[in-house]
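Participant: Input: one structure, supplied below.
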Amino acid sequence: MLEIKDLHVEVEGEGIEILKGVNLTINKGEIHAIMGPNGSGKSTLAKVVAGHPEYEVTKGDIIYNGESILELDPDERSHAGLFLAFQYPVEVPGVTNNTLLRESYNTIAASRGREELDPLEFDDYIREKLDLVEMNPDFLERSVNTGFSGGEKKRNEIFQMAVLEPALALLDETDSGLDIDALRIVADGINKLHHEDNSVVLITHYQRLLNYIVPDHVHVMIGGKVVKSGGKELALELEEKGYDWLESLATVNGEAK
Amino acid sequence: MSETKALETMIGEEYKYGFTTDVEYEDFPKGINEDVVRLISEKKDEPEWMTEFRLKAYRRWVEMEEPSWFNATYTKPKFDKLQYYSAPKNKPKLNSLDEVDPNIRETYEKLGIPLEEQKMLAGVAVDAVFDSVSIFTTFKEKLAEAGVIFCSISEAIQEHPELVKKYMGSVVPANDNFYAALNSAVFSDGSFCYVPKDTICPMELSTYFRINNMNSGQFERTLIIAEENSHVSYLEGCTAPMYDENQLHAAVVELVAMDNAEIKYSTIQNWYSGDEDGKGGIFNFVTKRGACRGDNSKISWTQLETGSAVTLKYPSVILQGDNSVGEFYSVAVTNKRQQADTGTKMIHLGKNTKSTIISKGISAGKSDNSYRGEVKISKKADNARNYSQCDSMLIGQTCGAHTFPYIESANPTGKIEHEATTSRVGEDQIFYLQQRGLSEDDAISLIVNGFCKEVLKELPMEFAVEANKLLGIKLEGSVG
């Protein structure tokens with residue numbers, strides 16, 4: 001479903017390389033966890049896959065459903081089924097959640113030749129999804145992320161994912177800043193949304209999220225590279241040992257991280 | 001910047017109203033002097049008192065200096081080169097629509113303002129002003145049944161001189177300011193509306209202003225009077241062809257609200273704004289003021305200012321009556337080289353008077369957008385309250401936004417609140433919305449729409465449609 005090949009990325013115009021040859025393959029139906037210390041390039045990787053204009057791919061490729069998506073705009077990638085749950089969801093004052101989601105849903109539906117929903121049909125549809133993240137319907141009429149608590153913003157991301165039903169969801173530190181109850185709600189939501197035809201990539205610092213969502217594969221990123229991959233037990237090992245023991249792997253090729 | 005480009009395609013998209021209509025004009029000398037003023041009055045067959053009003057204003061104007069205190073720079077109009085009266089030759093003293101010059105009729109069709117009543121939006125009466133002359137007023141008879149007078153100001157001077165004499169210049173005196181004085185001397189036409197006591201005006205009233213002639217200024221004059229317990233909503237729309245030369249538009253609008261009366265005045269201003277380099281476009285220098293003369297009266301200004309090369313405009317309310325209410329809701333969008341210095345004045349004179357100011361400025365391109373507002377609470381205005389909120393939004397790196405609030409209170413019981421914010425439409429905001437499937441244009445549109453929401457919802461529904469088209473904004477939710 002997603003194949004990242006030797007991906008090198010710089011911040012546009014600054015010439016600083018952040019990703020230094022990432023390789024990653026994600027198949028349909030799989031859950032992957034990407035872990036690693038601060039500044040290892042995890043969030044950058046997620047943003048680059050989603051097409052953030054701040055980054056420039058200098059080498060390598062991102063193949064999605066068999067085709068390179070490097071030339072696609074962020075909205076085109078979204079239409080193709082890619083979803084990014086933001087680490088820092090953006091506030092859009094004056095635009096209600098309901099408005100944004102209806103516009104998103106219908107834009108994506110139109111691009112895929114599916115039927116658009118009128119406001120009433122959409123209202124029925126969206127209310128079912130609220131339950132997934134245990135949110136109050138009032139929430140629909142609030143401005144997108146405006147004045148939301150950290151936890152509400154994260155839940156909102158998962159709620160959006162529920163509404164848009166992406167084929168591949170990249171969840172960028174969706175667990176950070178959540179208390180234990182909110183973490184359980186978010187994790188339950190993700191589990192319910194995951195099925196054999198879609199894939200989920202969890203980017204996280206902490207093993208605790210993986211107590212709720214069991215990944216098929218765990219990858220460790222350090223210094224702009226995936227330095228180790230393994231099964232769910234790798235996360236436990238990291239919890240125990242920290243990242244230090246893997247640091248040497250990042251410099252194995254003589255490159256500083 | 002890519003977001004700037006997107007905005008340009010959105011707001012600055014090719015000006016659709018820039019065409020010229022081929023019309024034969026009456027000959028009229030250029031420049032201004034007492035003879036010209038007299039000639040205008042003569043052309044319009046005006047009574048002596050009106051001619052005197054004009055001459056007095058002209059004499060004051062000659063002594064006045066053109067103001068320069070605002071935040072805009074431009075080449076001052078050449079007053080001796082302007083044509084102060086411009087009327088199509090087919091003298092439109094009309095009884096039926098058939099007599100309107102077909103070219104002019106077609107112009108309004110092209111602008112989406114058909115003058116045939118059956119084709120019009122239900123519930124909106126239109127006075128169409130072409131250059132200096134009112135061309136046609138629709139639904140006059142239906143309004144007359146309700147007792148509402150809606151006609152051109154020229155006609156009102158002939159048919160209702162006692163009303164015009166009583167109220168014209170009573171809110172904006174002829175010597176109020178440079179451009180108001182000029183207007184008082186040479187005003188050509190405009191709309192007049194009188195709503196009698198205990199009357200709710202049965203439909204929206206609207207004037208559509210069109211400047212066509214290249215060398216003419218447009219000086220229209222609008223007067224709206226709402227007697228006790230009456231209510232009227234009035235809409236105003238403006239467009240002009242694209243010329244390389246600047247054209248002057250100096251209007252005066254006066255509103256009078258008596259006890260318990262309410263006037264709602266909405267504007268969508270889309271004069272030609274000039275090209276990328278700031279060449280051409282309208283100078284929009286207008287004086288708009290309402291007087292809440294009666295107790296419990298209310299005057300509400302809503303404006304969506306998107307056009308003009310330079311805009312200087314401060315629709316104001318004088319809150320004389322006790323418990324009277326003044327409101328100002330504004331969205332001003334500037335792009336390219338446009339300059340807008342706009343805002344309001346709320347003058348609290350009566351007790352328990354209340355005013356609200358919500359101003360949203362959006363700047364893009366190389367434009368400059370200023371909010372200038374004054375709130376004044378006089379000594380006798382016990383318990384007066386004002387709430388002001390001025391928000392600016394910047395798109396791109398080359399535009400400017402400024403806020404100049406002036407606050408003056410002579411009464412210790414007065415309460416004035418002022419809030420101001422400045423934000424920038426950021427790459428992250430656009431990326432977020434694009435990630436959710438929206439195109440870059442739609443993303444900006446949605447952000448701008450959200451930003452202006454509090455103001456847009458004040459527009460009457462018939463205008464909301466036009467506002468929507470104009471801003472390229474998809475209005476949220478289902479209207480109605």
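Participant: Could you give the angle, 0 to 90 degrees to the nearest 10, between helix A:97-111's Cα long axis and the longest principal axis of the Cα atoms of chain A?
Facilitator: 80 degrees
Participant: What span do the alpha-carbon atoms of the stretch B:287-364 cover on each of the three principal axes, reported in whole Å from largest to smallest?
Facilitator: Cα spread of the stretch B:287-364 along its principal axes, largest to smallest: 44, 19, 13 Å.
Participant: Let me ask something else. Before I look further, what does the stretch A:2-256 give for accessible area per residue, probe 1.4 Å, in whole square angstrom?
Facilitator: In whole numbers, the stretch A:2-256 has 42 Å² accessible per residue.
Participant: Comparing the chain by itself with all protein chains present, which residues of the stretch B:417-433 are at least 10 Å² less accessible (probe 1.4 Å)?
Facilitator: B:Glu427, B:Asp428, B:Gln429, B:Phe431, B:Tyr432, B:Leu433
Participant: Can you send over the carbon and sulfur percentage of the accessible area for the stretch B:253-360, probe radius 1.4 Å, protein chains only?
Facilitator: Reported share for carbon and sulfur atoms: 39 percent.
Participant: Still on this model: So what is the relative contact order for the stretch A:76-235, in percent, with contacts set as C-alpha pairs under 8 Å and at least six apart?
Facilitator: Relative contact order comes out at 25 percent.
Participant: Cut-off under 15 Å on the C-alpha distance; same-chain residues fewer than 8 positions from B:Lys44 excluded. Which aspartates and glutamates are left, in chain and number order?
Facilitator: Hits, sequence-local ones excluded: B:Glu26, B:Asp27, B:Asp35, B:Glu52, B:Asp131, B:Glu155, B:Glu159, B:Asp189, B:Glu220.
Participant: Among A:Ile190, A:Pro53, A:Phe122, pick out the residue whose Cα is farthest towards the positive end of the charge dipole of the stretch A:2-256, where Lys and Arg carry +1 and Asp and Glu carry -1 on C-beta, about the Cα centre.
Facilitator: Result: A:Ile190.
Participant: Give me the inter-chain shielding for A:72-84: mean count of other chain Cβ atoms within 10 Å, whole number please.
Facilitator: The shielding value for this peptide is 4.
Participant: Shifting gears a bit: So what's the stretch A:142-257 giving for Cα Rg divided by 2.2 N^0.38 Å, two decimals?
Facilitator: After normalising by residue count via 2.2 N^0.38 Å, the value is 1.19.
Participant: B:Lys457: which aspartates and glutamates have alpha carbons under 16 Å from its alpha carbon, excluding same-chain residues fewer than 8 sequence positions away?
Facilitator: Within the straight-line cut-off, B:Lys457 pairs with A:Glu141, B:Glu305, B:Glu327, B:Glu466, B:Glu476.
Participant: By how many degrees, between 0 and 90 and to the nearest 10, does the Cα long axis of helix A:150-164 differ from the longest principal axis of chain A?
Facilitator: Once rounded, one gets 70 degrees.
Participant: With the dipole of the stretch A:2-256 worked out from charges on the C-beta (+1 for Lys and Arg, -1 for Asp and Glu) around the Cα centre, which of A:Pro89, A:Thr146, A:Ile203 lies farthest toward the positive end?
Facilitator: Working it through, the farthest residue towards the positive pole turns out to be A:Ile203.
Participant: I've got another one for you. Straight distance only, please: which aspartates and glutamates reach the Cα of B:Lys30 with their own Cα at less than 12 Å, same-chain residues fewer than 8 apart left out?
Facilitator: Of all the aspartates and glutamates, those that pass the test against B:Lys30 - Cα under 12 Å, at least 8 places apart if same chain - are B:Asp80.
Participant: Mind putting a number on the dipole of the stretch A:2-256 about its Cα centre? Charges go on the C-beta only, +1 for Lys and Arg and -1 for Asp and Glu, and I need it in Debye to the nearest 20.
Facilitator: It works out to roughly 500 debye.
Participant: Which number gives the lysine pairs in the stretch A:2-256 that have C-alpha atoms under 13 Å apart and are eight or more places apart or on different chains?
Facilitator: Lysine pairs meeting both conditions in the stretch A:2-256 amount to 8.
Participant: Also: Please average, across the residues of A:96-102, the number of beta carbons from any other chain that are within 10 Å of each residue's own beta carbon, and give a whole number.
Facilitator: Counting other chains' Cβ atoms within 10 Å and averaging over A:96-102 gives 4.
Participant: Follow-up question, since we're still on this one. Total Å² of accessible surface buried at the B-A contact, 1.4 Å probe, nearest 100?
Facilitator: Result for this pair: about 2300 Å² buried.
Participant: Considering only A:Leu164, A:Val227, A:Pro215, whose Cα is most displaced toward the positive end of the charge dipole of the stretch A:2-256, charges sitting on Cβ of Lys, Arg (+1) and Asp, Glu (-1)?
Facilitator: A:Val227
Participant: Students often check this: by mean Cβ neighbours within 10 Å, which of A:80-93, B:313-326 ranks highest, and how do the rest follow?
Facilitator: Packing order, densest peptide first, comes out as B:313-326, A:80-93.
Participant: What order, most packed first, do the peptides B:418-431, B:274-287 have when packing is the mean number of other Cβ atoms within 10 Å of each residue?
Facilitator: Result, highest mean first: B:274-287, B:418-431.
Participant: For the stretch A:2-256, divide the Cα radius of gyration by the Kirkwood radius and give the resulting Rg/Rh value with two decimals.
Facilitator: Result for the stretch A:2-256 is an Rg/Rh of 0.97.
Participant: Still on this model: What distance in nm separates the simple spin-label points at B:Ile407 and A:Glu116, each placed 7 Å from Cα in the Cβ direction?
Facilitator: Roughly 4.5 nm, to one decimal.
Participant: While we're on this one: What ranking of A:Tyr55, B:Tyr432 comes out by heavy-atom accessible area, probe 1.4 Å, highest first?
Facilitator: So, going from the largest accessible area down, we get A:Tyr55, B:Tyr432.
Participant: With charges only on Cβ, +1 for K and R and -1 for D and E, what is the dipole size of the stretch A:143-251 about its Cα centre, in debye, rounded to 20?
Facilitator: I would put it at about 120 debye.
Participant: How long, wide and thick is the stretch A:8-48, going by the Cα atoms along their three principal axes, in whole angstroms, largest first?
Facilitator: 37, 20, 15
Participant: How long is the stretch A:3-126 along each principal axis, judged by its Cα atoms, biggest number first, in Å?
Facilitator: 48, 34, 27 Å, listed from the longest principal axis down.
The values are calculated or read from the model by the stated rules, or taken from the named source; none is laboratory data. Predicted, not measured: the structure shown is a model, and the values here were computed from it. Neighbour counts run over all protein chains shown; Cβ positions are idealised from the backbone, glycine included. The area values use the complete protein model at the heavy-atom level, side chains included, leaving out ligands, DNA and RNA. Shrake-Rupley method; radii C 1.70, N 1.55, O 1.52, S 1.80 Å.
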